[in-house]
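K.L.:
Just passing along the structure, written as structure tokens.
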Amino acid sequence: MYRKGETVKVVAVSGSPRMKSVTESLLNCFLEGLGPDTSITRFYPYRMNLKFCQACWHCWLKTPGKCVLDDDMADALLALDEADLVVLASPLYVDGFPGAVKAFVDRIIPLIEPAITVDAEGHSRHRRRRMHHQTAVLIATCGFPEVDNFNVMRSHFVAMCKNAGWNYGGELVISQSGIARVPGVFDEKYLLAKKAGQECRLGRISNETMESISRPILDHETYRQVVNASFEGGFRGQASELLRQALNGDKKALV
């Protein structure tokens, strides 16, 4: 829990290659919910000069805590080391994190020590060089209708929290992003993302909010029909009519 008036240092990683993506819109709502007493540093892996980890072990053995690669990750490592809250926002690509996001995450190795220790669960881990209270939150979107498409990413995120010394703060997983750009359709999702930010300020996102935001808007078959129709003519014509019927004639949700 963050005390009232206390400035929370936030690192927000926006992992979509698209400008003004649905993922970033949800991220923005979450960050807004955190309130005014925040210091937010954003990183966009797809726009960074970001090299791949070379597993050279320099950051462990020759220059402890300092990566040998000279690129934009140096600033990110400093921010990550000092952050109170890390927000990882990413679309789902082939059942997991996009390449640029994974490359970013791979480069946090300088923040941990090489020696293997055992955690409270009896599992082998590396220890953070500078231990302090940090929380991490996942925001993820995908174009498939089923929420279980996030299972691999969610497991990966939980493991990352344990290995990076982050306290798990919750996750917002949102399927059916193929209809997100239709005006009004995702309004409730955006409100819930803002609510999640407010809750995270108090400790972590509630199970109720996580369940609500992950609830699909349309049944799976209707969603498939709407999205498939949109590939042929956009959200007009057949796609618009299918969506109109599915949403019980709510004209606010139509283009």
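The values are calculated or read from the model by the stated rules, or taken from the named source; none is laboratory data. All values derive from a computational prediction rather than experimental measurement. Cβ sites come from the backbone with ideal geometry, for glycine too, and all protein chains shown count toward neighbours.
K.L.:
From the list S16, S90, S25, S39, which residue is of a type outside the set (A, V, I, L, M) and part of a loop (DSSP other than H, G, I, E, B)?
P.N.:
On the way: S90 fails: part of a loop (DSSP other than H, G, I, E, B); S25 fails: part of a loop (DSSP other than H, G, I, E, B); S39 fails: part of a loop (DSSP other than H, G, I, E, B).
Criteria check complete, one pass: S16.
K.L.:
So E113 clears everything in (1) in a helix (DSSP H, G or I); (2) more than 15 Å from the chain's Cα centre (by Cα) except one condition, right? Which one?
P.N.:
(1)
K.L.:
Are there any pairs, at least 6 apart or on different chains, whose C-beta atoms fall under 8 Å, with the first in the range 206-221 and free of Cβ contacts under 8 Å to residues at least 40 places away in the same chain and the second in a helix (DSSP H, G or I) and of a type in the set (K, R), and if so, which?
P.N.:
T209/K195
K.L.:
Please work out which one of (1) surrounded by 14 or more Cβ atoms within 10 Å (Cβ to Cβ); (2) part of a helix (DSSP H, G or I); (3) of a type outside the set (K, R) is the condition P216 fails and give its number.
P.N.:
Among (1) surrounded by 14 or more Cβ atoms within 10 Å (Cβ to Cβ); (2) part of a helix (DSSP H, G or I); (3) of a type outside the set (K, R), P216 violates only (2).
K.L.:
Given (1) more than 28 Å from L202 (Cβ to Cβ); (2) at pLDDT 95 or above; (3) touching a Leu at 6+ places or on another chain (Cβ under 7 Å), where does R129 come up short, assuming only one miss?
P.N.:
(2)
K.L.:
Using the structure shown, decide if I174 is in the same structural domain as Q198 (by TED's automatic domain parsing) and at pLDDT 95 or above.
P.N.:
For I174, the condition - in the same structural domain as Q198 (by TED's automatic domain parsing) and at pLDDT 95 or above - is met.
K.L.:
Identify the residue in the range 93-125 that is in contact (Cβ under 8 Å) with a residue 60 or more places away in the chain, of a type outside the set (F, W, Y) and touching a Gly at 6+ places or on another chain (Cβ under 8 Å) and, among all such residues, is surrounded by the most Cβ atoms within 10 Å (Cβ to Cβ).
P.N.:
V101
K.L.:
Here is a follow-up. Exactly one condition in (1) out of contact with any helix residue (DSSP H, G or I) (no Cβ under 8 Å at 6 or more places or on another chain); (2) part of a strand (DSSP E or B) is false for V137; which is it?
P.N.:
Status for V137: all satisfied but (1).
Condition check ((1) at pLDDT 90 or above; (2) aromatic (F, W, Y); (3) over 22 Å from G99 (Cβ atoms); (4) surrounded by fewer than 21 Cβ atoms within 10 Å (Cβ to Cβ)) across all residues:
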| position | (1), (2), (3), (4) |
| --- | --- |
| R3 | no, no, yes, yes |
| S14 | yes, no, no, no |
| K20 | no, no, no, yes |
| T38 | yes, no, yes, yes |
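K.L.:
Regarding C67, is this residue assigned to a loop (DSSP other than H, G, I, E, B) and either of a type outside the set (A, V, I, L, M) or buried (at least 18 other Cβ atoms within 10 Å of the Cβ) (or both)? Give the derivation first.
P.N.:
Values: assigned to a loop (DSSP other than H, G, I, E, B): yes; either of a type outside the set (A, V, I, L, M) or buried (at least 18 other Cβ atoms within 10 Å of the Cβ) (or both): yes.
Yes, satisfied.
K.L.:
Select from the range 180-207 the residues that are assigned to a helix (DSSP H, G or I) and among the polar types (S, T, N, Q) and list them in ascending order.
P.N.:
Filtering the range 180-207 down to residues assigned to a helix (DSSP H, G or I) leaves 187-201, 207.
Hits for the range 180-207 are Q198, N207.
K.L.:
Here is a follow-up. Here are some residues: A193, A239, A229. Which one is over 22 Å from L26 (Cα atoms), at pLDDT 65 or above, among the aliphatic types (A, V, I, L, M) and crowded, with 17+ Cβ neighbours inside 10 Å? I'd like the intermediate steps shown before the answer.
P.N.:
Numbers: A193 fails: over 22 Å from L26 (Cα atoms); A239 fails: at pLDDT 65 or above.
Sole residue among the options that is over 22 Å from L26 (Cα atoms), at pLDDT 65 or above, among the aliphatic types (A, V, I, L, M) and crowded, with 17+ Cβ neighbours inside 10 Å: A229.
K.L.:
(1) hydrophobic (A, V, I, L, M, F, W, C); (2) at pLDDT 95 or above; (3) surrounded by fewer than 20 Cβ atoms within 10 Å (Cβ to Cβ); (4) under 20 Å from G15 (Cβ atoms): which one isn't true of A164, the others all being true?
P.N.:
Only one criterion in (1) hydrophobic (A, V, I, L, M, F, W, C); (2) at pLDDT 95 or above; (3) surrounded by fewer than 20 Cβ atoms within 10 Å (Cβ to Cβ); (4) under 20 Å from G15 (Cβ atoms) is unmet by A164, namely (2).
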